[in-house]
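No lab work stands behind these numbers, since they all come straight from the coordinates. Not measured: the values here are computed from a predicted model. Here the Cβ positions follow ideal geometry from the backbone for every residue, glycine too, while neighbour counts run over all protein chains shown.
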Amino acid sequence: MRLDRLLPFALLASAACVFASELQTTFKVQTSAGQAFCLLSASDRHHYALLVLAIFAAGLAFVALVTGSKPAATAAAIAGVVSLLIFLIIDLPHANQVGTLGTACNPAAQDFDAKAVPQAGFWLELVGSVSLALTTVALATLSTEQLRDIAPKPLRRWGQRPGSDGAEAP
């Protein structure tokens, strides 16, 4: 088995990580004394954008593998890169940030210092978004023939045109 045939499975696992991270807690806000004040979930921070991007990237990768479509592979790569940008712009700057507690946890805006401690959702989002960006960009660099070649056998048969015997035209 060639290693390039593992790319669709790595892409699917990456999309699953990004999907799961959106359902997890991203940060636990602690007071300076170490007491947990509140939990910030990923869905509250991104409004399920990463969940949609993960489904979109996996679906477009499926289409690219079945049909050999370069535009679908490119669109999957864009979705993967956007998921990484969301992580880098929205979540990463707040990791371990210490500051006055704002309206994210309490609408009354307390006046004591708090720290945003990364939780499992943060780390899952990190691994998932980086690997999703890498795998989708790798998929987008392949030619139409390579896309069809690395597709698992059931997908290759599913993508054949009716009346085709699977042989390539000269």
* Structure fact -> Taking R0 as 25 Å and r as the Cβ-Cβ distance between His94 and Thr141, the FRET efficiency 1/(1 + (r/R0)^6), rounded to the nearest 0.05, comes to 0.15
* Amide H partners (placed H, <5 Å) of Ser41, local residues excluded -> Thr26
* Relative contact order (percent) for segment 4-83, with alpha-carbon contacts under 8 angstrom and 6 or more residues of separation? -> 25
* Structure fact -> Per the 1/(1 + (r/R0)^6) rule, R0 = 25 Å and r from the Cβ atoms of Ala49 and Ala16, FRET efficiency to 0.05 is 0.90
* Asked: By a straight-distance test (C-alpha under 16 Å), which lysines pair with Lys115 as possible cross-link partners, with residues fewer than eight away in the same chain excluded?
  -> Lys28
* Structure fact -> Rounded to one decimal in nm, the spacing of the 7 Å Cα→Cβ label points at Ala36 and Leu3 is 4.1
